[in-house]
Amino acid sequence: MIPQVALILWILISISLFATLSPLRAFLITYVVGLLFLPVEITDASGYHIGSIVFTQSLRIEKIAACHIGAILGTLFFAPHVFRRYRFQWLDLAFAIIIVGQFLTSIVNDLGAKDGFSSGVQTLRDFLPLIILARLYITSFNDLLQAIRALLGAAFVYSAICVIEWRLSP
């Protein structure tokens, strides 16, 4: 119950970050803090998913989806002008080739078209919103520097927590 509440609260907190901070900073905090501190989805022996909100077998909200939902809704509500920056580029075809490659790999390995399609949809669901939003928000060298600072700061905070846990453990 607590992980589900955390996921729902993170979506709401992410939207409020877009209301109060600059769009780039809200985007970075949404993903960096969300991916580091939200609960990880695990499945126990009975098939019960812990750390996610499950609607159907393929439709669930785990930490990456909560970050996606919060960032997309925050952008739609408080920074819709950002979506006008999107331009299709040839590099977008590389992602499409990866998806096709996953499908073909499943076919070649006799796993079937259903497995290939499922794998492709999972990859799209996990990475496409982040790729598109990152391309929309990180448009200049200064934006890239802010993103690198956010990642390095998060790495230091997280490593400090790990060292404290290691030191205080029996």
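Within this structure, Val100 passes the test of being exposed (fewer than 14 other Cβ atoms within 10 Å of the Cβ), on the phi < 0 side of the Ramachandran plot and at pLDDT 90 or above. Cβ-Cβ under 7 Å, sequence separation 6+ or interchain: first residue in the stretch 148-161 and within 10 Å of Leu28 (Cβ to Cβ), partner surrounded by 12 or more Cβ atoms within 10 Å (Cβ to Cβ). Which pairs? Between residues of the stretch 148-161 that are within 10 Å of Leu28 (Cβ to Cβ) and residues that are surrounded by 12 or more Cβ atoms within 10 Å (Cβ to Cβ), the close pairs are Ala150/Leu28; Ala150/Val32; Leu151/Val32; Ala154/Val32; Ala154/Leu36. If the condition is being among the charged types (D, E, K, R) and either open to solvent by less than 70 Å² (accessible area, probe 1.4 Å) or within 21 Å of His68 (Cα to Cα) (or both), then the stretch 103-132 contributes Asp115, Arg125, Asp126.
Rundown of residues vs (1) under 23 Å from Val157 (Cα atoms); (2) touching a residue at least 24 places away in the same chain (Cβ under 8 Å), yes/no style:
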| site | (1), (2) |
| --- | --- |
| Ala19 | no, yes |
| Ala26 | yes, yes |
| Leu36 | yes, yes |
| Tyr48 | no, no |
| Gly51 | yes, yes |
| Leu59 | no, no |
| Glu62 | yes, yes |
| His68 | yes, yes |
| Phe77 | no, yes |
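For every residue, the table says whether it meets (1) of a type in the set (Phe, Trp, Tyr); (2) out of contact with any Gly (no Cβ under 9 Å at 6 or more places or on another chain); (3) within 29 Å of Leu9 (Cα to Cα).
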| position | (1), (2), (3) |
| --- | --- |
| Ile61 | no, yes, yes |
| Phe117 | yes, yes, no |
| Phe141 | yes, yes, no |
| Gln146 | no, yes, yes |
| Arg149 | no, yes, yes |
| Cys162 | no, yes, yes |
| Leu168 | no, yes, no |
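Of all residues in the stretch 133-151, exactly one satisfies the criterion of being open to solvent by 80 Å² or more (accessible area, probe 1.4 Å) and β-branched (Val, Ile, Thr), namely Thr139.
The values are calculated or read from the model by the stated rules, or taken from the named source; none is laboratory data. Computed from a predicted model, the values in this text were never measured in an experiment. Reconstructed Cβ throughout: ideal geometry from the backbone, glycine too, with neighbour counts over all protein chains shown. We work out accessible area using only protein heavy atoms, side chains counted, and drop any ligands, DNA or RNA first. Shrake-Rupley method; radii C 1.70, N 1.55, O 1.52, S 1.80 Å.
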